[in-house]
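Take a look at the structure below.
The values are calculated or read from the model by the stated rules, or taken from the named source; none is laboratory data. Every value quoted in this text rests on a predicted model; they were computed, and no experiment measured them. With ideal geometry, Cβ positions are generated from the backbone for all residues, glycine too; neighbour counts draw on all protein chains shown.
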C-alpha cells in the first residue's frame with residue numbers, strides 16, 4: 001500500500017507539474033516562514049514579571065538612566081519598546097501616548113512579518129490541489145473514452161488525481177495551524193506592550209498633574 005502511494009505521488013509530481021510545482025513551492029515557503037518565525041519569537045520571548053516590578057521601582061525613584069539600563073539588559077523587542085518608552089517619558093511627556101503607539105506599531109510590524117504568506121498559502125493551496133485533481137480526472141475520463149476500460153481504470157485514475165488534493169490540503173493545514181499559533185504569539189507580545197504603556201502612563205499622568213498643580 002505504501003509503495004503504491006509513493007508511486008502515485010511520484011507520478012503526480014512528475015506528470016502533473018502544473019499543480020505539483022506550485023504546491024511544492026508553497027510547501028517550501030511554508031517551512032521557511034515557520035522556522036524563521038519560530039526562531040525569531042524564541043529569540044525575543046521574555047518573562048517580564050520581575051522586569052516590570054524592577055522598572056516600576058526605578059521609575060518611582062525617577063531613576064530614568066537606571067530604568068533604561070534595565071530595559072537594555074532585558075533585550076528583545078520588549079526591552080526595545082520599554083527602553084524607547086523611558087526615553088519618551090523624559091523627552092515627550094505631553095505626546096507620550098501617541099509617540100509610544102508609533103513605537104509599538106513599528107515593532108508589531110516586525111512581529112507580524114511573513115505571517116501573510118502563511119495566510120495566503122492556507123487559503124490557496126487547497127484550490128491548487130483541487131485544480132490538479134480536476135485535471136487528473138479529466139485526463140482519466142479522456143483515456144477511458146479513447147482506449148476503453150472498466151471500473152478499475154477509473155478508480156485508479158481518480159485515486160491518482162486525488163493525490164493533488166491531499167498534497168494541497170496537508171500544506172494548507174500546516175500553514176493555517178502555524179498562522180493561528182503565531183498570530184496568538186503576536187497578541188501576547190501586544191499584551192506585554194499594553195502593560196508597559198499602562199505603567200508608563202501612570203507616571204506620565206502623575207507628573208503632568210503635578211506640574212499643573
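In this structure, is residue 169 within 30 Å of residue 16 (Cβ to Cβ), surrounded by fewer than 17 Cβ atoms within 10 Å (Cβ to Cβ) and modelled with pLDDT of 90 or more?
Yes: the conditions hold for residue 169.
Taking the range 14-54 only, how many residues are buried (at least 17 other Cβ atoms within 10 Å of the Cβ), over 23 Å from the mean Cα position of the chain (by Cα) and over 17 Å from residue 81 (Cα atoms)?
3
Somewhere in the range 106-125, is a residue more than 22 Å from residue 34 (Cα to Cα) and either assigned to a helix (DSSP H, G or I) or in contact with a strand residue (DSSP E or B) (Cβ under 6 Å, 6 or more places away or on another chain) (or both)? Before you say what the answer is, go through the steps one by one.
Within the range 106-125, the first condition is being more than 22 Å from residue 34 (Cα to Cα), and the residues that meet it are none.
Among the residues of the range 106-125, not one is more than 22 Å from residue 34 (Cα to Cα) and either assigned to a helix (DSSP H, G or I) or in contact with a strand residue (DSSP E or B) (Cβ under 6 Å, 6 or more places away or on another chain) (or both), which makes the answer no.
Quick one: which of 55, 14, 31, 39 is touching a helix residue (DSSP H, G or I) at 6+ places or on another chain (Cβ under 9 Å) and within 30 Å of residue 68 (Cα to Cα)?
Details: 14 fails: within 30 Å of residue 68 (Cα to Cα); 31 fails: within 30 Å of residue 68 (Cα to Cα); 39 fails: touching a helix residue (DSSP H, G or I) at 6+ places or on another chain (Cβ under 9 Å).
Being touching a helix residue (DSSP H, G or I) at 6+ places or on another chain (Cβ under 9 Å) and within 30 Å of residue 68 (Cα to Cα) holds for just one of 55, 14, 31, 39, which is 55.
With (1) in contact with a helix residue (DSSP H, G or I) (Cβ under 9 Å, 6 or more places away or on another chain); (2) not in a helix (DSSP H, G or I) as the list, and residue 47 as the residue in question, which single condition is left unmet?
Checking residue 47 against (1) in contact with a helix residue (DSSP H, G or I) (Cβ under 9 Å, 6 or more places away or on another chain); (2) not in a helix (DSSP H, G or I), the one that fails is (1).
What is the residue count in the range 60-82 for residues that are assigned to a helix (DSSP H, G or I) and loosely packed, with under 13 Cβ neighbours inside 10 Å?
Total meeting the criteria: 3.
Residues to consider are 146, 158; find the one that is more than 38 Å from the chain's Cα centre (by Cα), assigned to a helix (DSSP H, G or I) and at pLDDT below 90. Talk me through it step by step, then tell me what you get.
Numbers: 158 fails: more than 38 Å from the chain's Cα centre (by Cα).
Matching residue, one of 146, 158: 146.
Out of curiosity, is residue 130 assigned to a helix (DSSP H, G or I), exposed (fewer than 14 other Cβ atoms within 10 Å of the Cβ) and without any contact (Cβ under 8 Å) to a residue 60 or more places away in the chain?
Values: assigned to a helix (DSSP H, G or I): yes; exposed (fewer than 14 other Cβ atoms within 10 Å of the Cβ): no; without any contact (Cβ under 8 Å) to a residue 60 or more places away in the chain: yes.
Criteria not met by residue 130.
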